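Working notes, structure below.
The values are calculated or read from the model by the stated rules, or taken from the named source; none is laboratory data. Remember, predicted model here, so these are calculated numbers, not experimental data. Neighbour counts are summed over all protein chains in view; Cβ atoms, including those assigned to glycine, are modelled from backbone coordinates with ideal geometry. Please note that ligands, DNA and RNA were not included when accessible areas were found on the heavy atoms of the full protein model with its side chains. Shrake-Rupley method; radii C 1.70, N 1.55, O 1.52, S 1.80 Å.
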Amino acid sequence: MRRPLPTPAEAAEILARKRTLPQRRPPPPAGRGLRKLLKELDAKYGQGPGALQARWREIVGPDIARRTEPVKLSKPRGGGPGALEIRVAGASAALIQHQAPEIVARVNLFLGEGAVNKLRIVQGPLRGLAPEPRPQPRRTPPLDAAQEAELARGLDGVPDGPLKAALLRLGRGVLRRRAD
C-alpha cells in the first residue's frame with residue numbers, strides 16, 4: 001500500500017523542521033598546497049642551496065671552489081642561523097677547516113647576515129661542479145721549407161731509424177722556439 005504524498009504545506013513544514021545547512025569547513029591553509037612548489041622554486045631561484053651551488057665559485061673564490069662544493073643548508077626549527085654542509089676533496093679538509101670563518105663570512109654576505117653560523121665539512125669526491133676548463137695548448141706553425149731542408153741536410157750522415165726521427169723532432173722543436 002502506497003503512502004500518500006504530503007501536501008505542499010506539509011512538505012514546507014517538514015523541510016523547515018529537518019533542513020540544516022551543511023557544516024561550513026574552512027579552506028585548507030594555502031601554505032600546505034604551495035609548500036612543494038615554493039620549495040622547488042626556492043631551491044632553483046632563491047637564496048637556498050641551489051643558489052649556493054650555482055654561484056659557489058663567485059662566493060668563495062676559485063681556489064676554495066676547486067676543492068669544495070656545497071651539499072646542503074640546514075636551518076634549525078626555531079629559526080636562527082643554520083649550518084652549511086660542504087663536501088671537500090681529499091686531504092684539503094684541513095686547509096678548508098682553517099678557512100671556515102672566512103667561508104662562513106662570504107656565505108653570509110651572499111645569503112644575508114646571520115644566515116649561517118656553522119660549517120660542517122664532509123670529505124668525499126666532488127660531484128656537482130664541472131672541472132675547470134684547461135687552456136688549449138698553443139699550436140706552433142710548421143717550419144718553412146728552407147728550415148726543413150737545412151735540418152734534413154744536417155742529418156744526412158745519420159742512418160734512417162728511430163734515432164734520426166727523434167733528432168728531426170728535436171731539431172724542429174728547437175727551431176720553432178727560436179722563431180718565438
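Using a cut-off of 29 Å between alpha-carbon atoms, which lysines can reach residue 75, once sequence neighbours fewer than 8 places away in the same chain are excluded?
In chain and number order, the partners are 36, 39, 44, 118.
Pull up the DSSP beta bridges for the range 53-141 and report the antiparallel fraction as a percent, rounded to 5.
Counting only bridges with both partners in the range 53-141, antiparallel ones make up about 45 percent.
Among bridges DSSP assigns within the chain, what percent are antiparallel (round to 5)?
45 percent
In whole Hz and in residue order, list the ³J(HN,Hα) couplings for the range 138-155 that follow from phi through the Karplus curve 6.51 cos²θ - 1.76 cosθ + 1.60, θ = phi - 60°; x for Gly and Pro.
6, 7, 8, x, x, 5, 6, 4, 5, 5, 5, 5, 5, 5, 5, 5, x, 9
Working out 0.36 nm times the residue gap between residue 148 and residue 54, then minus their Cα-Cα distance, what length gain in nm do you get to one decimal?
Stretched out fully, the residue 148 to residue 54 stretch lengthens by 28.7 nm.
With a/c under 1.5 counting as rounded, go ahead and sort the range 79-180 into rounded, prolate or oblate using the C-alpha gyration tensor (a ≥ b ≥ c being the square roots of the eigenvalues; past the cut-off, prolate if a/b is larger than b/c, else oblate).
Note, shape of the range 79-180 comes out prolate.
For helix 8-18, report the angle its Cα long axis makes with the longest principal axis of the Cα atoms of the chain; keep it between 0 and 90° and round to the nearest 10°.
So the inclination is approximately 60 degrees.
Residue-wise, which Karplus ³J(HN,Hα) couplings in Hz belong to the range 59-74, taking 6.51 cos²θ - 1.76 cosθ + 1.60, θ = phi - 60°, and x for glycine or proline?
6, 9, x, x, 5, 6, 5, 5, 9, 9, 8, x, 9, 7, 10, 9
For the range 114-120, take each phi angle, set θ = phi - 60°, evaluate the Karplus expression 6.51 cos²θ - 1.76 cosθ + 1.60, and give the result in whole Hz per residue in order, putting x for glycine and proline.
Values, residue by residue: x, 6, 10, 10, 9, 10, 9 Hz.
Starting from the residue with the highest accessible area, list 59, 121 in decreasing order, probe 1.4 Å.
Order by accessible area, largest first: 121, 59.
Which value, in Å², gives the accessible area per residue of the chain when a 1.4 Å probe is used on the protein heavy atoms?
On a per-residue basis, 81 Å².
Starting from the amide H of residue 120, placed 1.01 Å from N in the peptide plane, find each other amide H under 5 Å away whose residue is 5 or more places distant or on another chain.
Result for residue 120 returns 84, 85, 86.
Between 0 and 90 degrees, rounded to the nearest ten: what's the tilt of helix 100-111 against the longest Cα principal axis of the chain?
The angle comes out at about 60 degrees.
Tally Lys and Arg at +1 and Asp and Glu at -1 over the other residues with C-beta under 11 Å from the C-beta of residue 142: what net charge comes out?
Counting the neighbours of residue 142, the net charge comes to +1.
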